[in-house]
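Have a look at the structure below, then the notes.
The values are calculated or read from the model by the stated rules, or taken from the named source; none is laboratory data. None of these values were measured; they are calculated from a predicted model. Positions of Cβ are generated from backbone atoms using ideal geometry, with glycine treated the same way; all protein chains shown enter the neighbour counts. Just the protein is used for accessible areas: all its heavy atoms, side chains included, with ligands, DNA and RNA removed. Shrake-Rupley method; radii C 1.70, N 1.55, O 1.52, S 1.80 Å.
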Amino acid sequence: MRGLTRWVLSHRLLVTLVWVVLAVAGGATVSGTIDSLSNESRLPDAPAQLANDAIDEHFSGTGGKNAPLLLTVTAPDGVRLDAAPYREQWGELVERATPAGGRSVSYADSGGGQSLLSPDGRSTVALIYPPAAPSPAPYAQSLPAIRQAIAGARIAGAPVELTGQPLLSGRDSGAPRSPIVETLIGAVGALVVLAVVFASGLAVVPLLIAAVAIPTTFLLVRLLTGVTEVSFIVQYLVALVGLGIAIDYALLVVTRWREERSRIDVTDPGQRRAAIVAAATSAGHAVALSGATVAISLAALVVLPVPFLRSVGYAGLLIPLVSVAVALTLLPVLLHTLGGRLDRPRRAYRADSRLWTRIARLTTRRPVLAAVVSGGLLLALAAPAFTIRLGQPDTSTLGHGGRPAAVYAQLVEAGFGAGIARPVEVLTTAHPAATANRLRSVDGVAGVAAPADWSTADMHVIDVWTVHDPADDAGRDAVAEVIASARSQPGTLAGGGAPLDTDFVDAVYGSLPLILAVVALLTFLVLARTLRSVLLPLKALVLNGLSTAAAYGAVVLIWQQGYGSDALFDTPATGAITIWVPMAVFAFLFGLSMDYEVFILHRIREAHLDLTRQGGRDTTAAATVTGISRTGRLVTSAALILFLAFTALSTIPITDVRIFATALAAGIIIDATVVRGLLTPALVALLGRASWWFPAALARVLMTRPEPSPPATAAPTTDTRAELAGRP
C-alpha cells in the first residue's frame, strides 16, 4: 500500500486523467447503459419457467408469468347477470376490451363456466391477458385502449371496472424513473453529514470520489451488458449503494489523513507527503480489506442459478472494487493537490471522540453487562425473522387504497377467491375438459376456466385459481396441490406467477447452507490473515450473522406484519417478503457490516501493537478503548450516510425495491450502533489476550511474508522517517 501511494503521488497527472476519462465516458453513456438493462427475471430450466415460455411461444406472448387484468361488474340487488341480455352484452364488452392478439375468458364464453359468476349471480369477472412487453410495466401499452373500450360502459345499470395484480402493484403506471433524483437526495444528505464531520471544505472530497466511482461503475456495467443480461434494479444499486460505499471509503482515508496531518509541520512538503502515505498505508489497507469482504459476500449472488440475482451480484461486485480503486489512487492525489486548501478553517484536530471514549470505557469496564444487554436487544430484533414468509406480497395489500384495490376486495367478498388475481396457468396436451374437471376437485381451488379458444397446435391453457391468496399459507398449499396434480399428468405443465415463485424459492435457497459456509470460510481466511487472529474473525462472523438476522426481523415487522409500513410508505402489510430480497440483503448487508467491523478491529489491532511495543502486557482493553474512540465517530457518520442513501432508495415506487432498501437501512443502523458500538468492544474486552491467538500452523498457511510494522502513531517507522526527511 505504501508503494502504491508513492507511485500514485509521483504520477498525479496520469492518475487524474485516467479517472477523468473513465468518469466522463461513464457519465456520457449512462443513459444508454440504463436502456440496455434487462427487465426479465427468468429461472432457466425450472418447470414453471418452461411452462411460461411455452405459453409465451404458443399464445402470442400472453399470460404465463404475467397476471391477468380483471374486468368486473356488480349488478344491483335482485338482478342476475346470467340472464340472456346481460350475458350477450358482457360477452361483447369483454371481446371489445381484449386487445388484438390477446386472450380473455368470461362466463359468456364456452368453457368460462360458473367460476366467473358469483353464487348470487350479481357479480361477474373476466380475465384478460393482453400481449405483454418485456418490461416492468408489461401492459402499459395495452391499458389505454382497454380503458377507452370500457369507458362509460354499464351492465344492468352498473359501471364496469378494471383491477388486477398489475394495476394493484403499480407496475403498469409506466417505466420506473431513473435514479437521478434519489441519488441527488442521498448526495445532499451525505454532504450535510460530511459538513458536520469535517467542518471544512474537506466535506466535498468524499463526494468527488463518489462522483468518479459511480459513472465509472456504470461504464463497467455497460460492458457487462454485452456479455450477460443485467437487471434494471442494478441502476439503483450502482447509484445509491455506490454513493454510500464510495463516500464511506473516502471518509475513512480522509479522516486518517487529517489525524496524521495534525502531527506534522504543514509548511514542510516532505512531511505533507508523508502524512498522505501514512494515512493511505493504514486506512487504505482497511479500505482494501473492506472491499474484499464486501466482494466475497456478493459472490453468494454470483453462484446462484438465477440470472437476475447473478447480474445483481456482478454489478454489486463492481461497486466496492471501483470504490476501493478510486479511494486508493485518486484520493491521495486530491489530498496532495487540494487537501490543505480545503481544510479551512483549520482547527486543532482531536482524533479521539469524547463521547465514544466514554462509551468504550463503560463497555470495557462492564463487558458482561454490555454484552448481555446489547446481545439481548439484538436477539429480540432478530426474533421476528423466524416468522418470515417468502413470496409475492398479498394482493389485498397492494393498491395503496385506490379504486382498483376496492374493486378487488369486492371480488373476494363476492366469492370468487383471493387467488383469482394470480391464477395458475396449466398448459396441457390432454383433453382440456377432463383436465379442468380434475383440477377443479383439488382442495382449496375456487375456480377453473378452460375456454375453447385457448387452444393452439394441440396445446390448451387452463386457468386455475385458489380460495386463498397464493401469498398466505393456505393459498400456497393449494397452489402446491394444483401444481402436483397438473404435473402428474403426462404432457402437462403448471405455469403462472405462483408456481414460478415456488421454483424460485427452491433455486435460491435450496443450496443456501453451502453458499453461506463458503462465504463464511473465505471471509474468515481474509480476516484471519489481516488481523492475525482466530477468535476475532469468528466473532465478526457471528455478529454479522446476528446483525443480518436483526435486519430480517425489522423488515418482517415493518412490511410483512405492517408495523410502520402504512405510516412510512402509505402501504399496508404485504403479508410476505419478496423472494429475492432476503438473499440480496444478506449479500449486501453482510459485506457492508463487515466494513465497520474491519474499520474498528483494524484500529484496535494497531493500538494493541503500539501499546505492546511500549511494554504493556494485556493491552486489549486499553487498545479497544483507543480503537473505538478513534473509529466510533467515523463509523457512525459512515453508517448515517449509507442510511440516507438507502432511505433515498426506498422512495423508488417499486415495492420490491422498497422492502430491500428498508432491510438495508435498518440493518446498517442496527449494526453501527448496537453491534459495533456496544457488542463488539464488550466481546473484545471479554476475550482479552485470547483475541490475538494465532496458531503458528495457521500463520504458516496464510502468511506469505513477515508481519509488517504498523504505521507510526507514537513514533515514526523507518520508512516514515525517510518520508519526513523528504527522501523520494
Report summary line: In segment 305-318, anything in contact with a helix residue (DSSP H, G or I) (Cβ under 6 Å, 6 or more places away or on another chain), hydrophobic (A, V, I, L, M, F, W, C) and touching a residue at least 60 places away in the same chain (Cβ under 8 Å) is listed as Val306, Leu309, Val312, Ala315, Leu318
Requested in this report: Can you run down the residue pairs with Cβ atoms below 9 Å, 6 or more apart or on separate chains, where the first is in segment 266-292 and in a loop (DSSP other than H, G, I, E, B) and the partner is at pLDDT 85 or above?
Outcome: Val266/Arg272; Val266/Ala275; Asp268/Ala274
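Could you tell me whether Ala623 is open to solvent by less than 10 Å² (accessible area, probe 1.4 Å) and in contact with a His (Cβ under 6 Å, 6 or more places away or on another chain)?
On the way: open to solvent by less than 10 Å² (accessible area, probe 1.4 Å): yes; in contact with a His (Cβ under 6 Å, 6 or more places away or on another chain): yes.
So Ala623 fits the description; yes.
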**Report entry** Every pair of residues 6+ apart whose Cβ atoms lie under 9 Å, when the first sits in segment 501-529 and is farther than 30 Å from Arg700 by Cβ and in contact (Cβ under 8 Å) with a residue 60 or more places away in the chain while the second is open to solvent by 60 Å² or more (accessible area, probe 1.4 Å) and part of a helix (DSSP H, G or I)
**Finding:** Asp501/Arg476; Thr502/Arg476
Query raised in the report: Does Leu240 meet the test of being under 25 Å from Ala137 (Cβ atoms), part of a helix (DSSP H, G or I) and either modelled with pLDDT of 90 or more or not small (Gly, Ala, Ser) (or both)?
Result: yes
Requested in this report: Take the residues in segment 395-415 that are touching a Ser or Thr at 6+ places or on another chain (Cβ under 7 Å) and outside any helix (DSSP H, G or I), then tell me which one is least open to solvent (accessible area, probe 1.4 Å).
Outcome: Leu398
Query raised in the report: Out of segment 107-137, which residues are under 41 Å from the mean Cα position of the chain (by Cα) and without any contact (Cβ under 8 Å) to a residue 24 or more places away in the chain?
Result: Ala133
Requested in this report: Please work out which one of (1) polar (S, T, N, Q); (2) out of contact with any strand residue (DSSP E or B) (no Cβ under 6 Å at 6 or more places or on another chain); (3) touching a residue at least 12 places away in the same chain (Cβ under 8 Å) is the condition Asn437 fails and give its number.
Outcome: (3)
Requested in this report: Would you mind stating whether Thr626 is touching a Ser or Thr at 6+ places or on another chain (Cβ under 9 Å) and either of a type in the set (S, T, N, Q) or not in a helix (DSSP H, G or I) (or both)?
Outcome: yes
Query raised in the report: Taking interchain pairs and intrachain pairs at least six residues apart, which have beta carbon atoms under 6 angstrom, with the first residue in segment 13-41 and open to solvent by less than 50 Å² (accessible area, probe 1.4 Å) and the second acidic (Asp, Glu) and at pLDDT below 90?
Result: Ser38/Glu229
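May I ask you to list the residues in segment 432-479 that are in a helix (DSSP H, G or I) and within 33 Å of the chain's Cα centre (by Cα)?
Residues satisfying the conditions are Asp473, Ala474, Gly475, Arg476, Asp477, Ala478, Val479.
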Report task. Exactly one condition in (1) surrounded by 24 or more Cβ atoms within 10 Å (Cβ to Cβ); (2) over 17 Å from the mean Cα position of the chain (by Cα); (3) among the aromatic types (Phe, Trp, Tyr) is not met by Phe590; state its number. Result -> (2)
Requested in this report: Go through segment 49-61 and count every residue that is surrounded by fewer than 24 Cβ atoms within 10 Å (Cβ to Cβ), in contact with a strand residue (DSSP E or B) (Cβ under 7 Å, 6 or more places away or on another chain) and either at pLDDT 90 or above or farther than 19 Å from Ala140 by Cα (or both).
Outcome: 4
Query - Yes/no for Gly78 being in contact with a strand residue (DSSP E or B) (Cβ under 8 Å, 6 or more places away or on another chain), over 30 Å from Ile654 (Cα atoms), modelled with pLDDT under 90 and not in a helix (DSSP H, G or I) - result: no
Query raised in the report: Does any residue of segment 674-696 turn out to be without any contact (Cβ under 8 Å) to a residue 60 or more places away in the chain and either in contact with a His (Cβ under 6 Å, 6 or more places away or on another chain) or within 17 Å of Asp248 (Cα to Cα) (or both)?
Result: no
Query raised in the report: Does Leu381 satisfy the criteria of being within 30 Å of Asp501 (Cα to Cα) and either open to solvent by less than 70 Å² (accessible area, probe 1.4 Å) or part of a helix (DSSP H, G or I) (or both)?
Result: yes
**Report entry** Test result for Thr651, open to solvent by less than 10 Å² (accessible area, probe 1.4 Å) and either free of Cβ contacts under 8 Å to residues at least 60 places away in the same chain or over 23 Å from Ala382 (Cα atoms) (or both)
**Finding:** no
Query raised in the report: Looking at Gly510, is it under 30 Å from Ile55 (Cα atoms), of a type outside the set (Phe, Trp, Tyr) and at pLDDT below 85?
Result: yes
Query raised in the report: Conditions: (1) closer than 27 Å to Gly186 by Cβ; (2) open to solvent by 20 Å² or more (accessible area, probe 1.4 Å). Thr662 meets all but one. Number of the miss?
Result: (2)
Query - Single residue of segment 95-109 satisfying the filter (part of a loop (DSSP other than H, G, I, E, B) and among the hydrophobic types (A, V, I, L, M, F, W, C)) that is least open to solvent (accessible area, probe 1.4 Å) - result: Ala108
